[in-house]
């Protein structure tokens, strides 16, 4: 995958960590609350082997219209995100990123596999298994107990 600055990033560098993978958007009604809570989780669990991987996506209501540089400015300045943010991708359709094809294959949604909106969340264990999928309206803090369980496991 490419990070927000266009650098290639091997997802294998996250092996052995618990991951929360989220498709994000800067202009969504869910944006402020999600970024605030994601930042809280990241600060609390990063040192324990937890990572959040954020993937900007403009497929839902055109709510992430900017360039990667504009997205980076917004995410880092306005939302103060310190977790890894990647380049803008598609999560549905023929051009969906391979990562999202894998995630959806592993954990289908309640009403079909496609991602329904911004801030869908996938929880991945230390071995790379997709453990759970959460709706866009699920508060990141509601996932905290699940993250703690995975961090405590071998």
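Extension gain for the segment residue 82 to residue 37, taken as residue separation times 0.36 nm less the Cα-Cα distance, is 15.0 nm to one decimal. When peptides 141-150, 31-40, 15-24, 119-128 are sorted by average Cβ neighbour count within 10 Å, with the highest value leading, the order is 15-24, 119-128, 31-40, 141-150. Computed on the chain, with alpha-carbon pairs under 8 angstrom and 6+ residues apart, the relative contact order is 31 percent.
Which FRET efficiency value, to the nearest 0.05, do you get for residue 94 and residue 135 by plugging their Cβ-Cβ distance into 1/(1 + (r/R0)^6) with R0 = 22 Å? Result of the calculation: an efficiency of 0.35. Seen through its C-alpha gyration tensor, with square-root eigenvalues sorted a ≥ b ≥ c, the chain comes out rounded because a/c lies under 1.5. Only Cα sites of the stretch 1-57 enter the Debye sum here, all with the same form factor; the resulting log10 I(q)/I(0) across q = 0.28, 0.29 1/Å is -1.21, -1.22, listed in q order.
Which of rounded, prolate, oblate describes the stretch 39-111, given a ≥ b ≥ c as roots of the alpha-carbon gyration tensor eigenvalues and a/c under 1.5 marking rounded, otherwise prolate only if a/b is larger than b/c? Oblate, since a/c reaches 1.5 and b/c is not below a/b.
We did not get these values from a lab; they are worked out from the coordinates using the rules stated. Note that the structure is a prediction, hence the values are computed from the model and not measured. Heads up, the Cβs are rebuilt from the backbone with ideal geometry, glycines too, and the neighbour counts pull from every protein chain shown.
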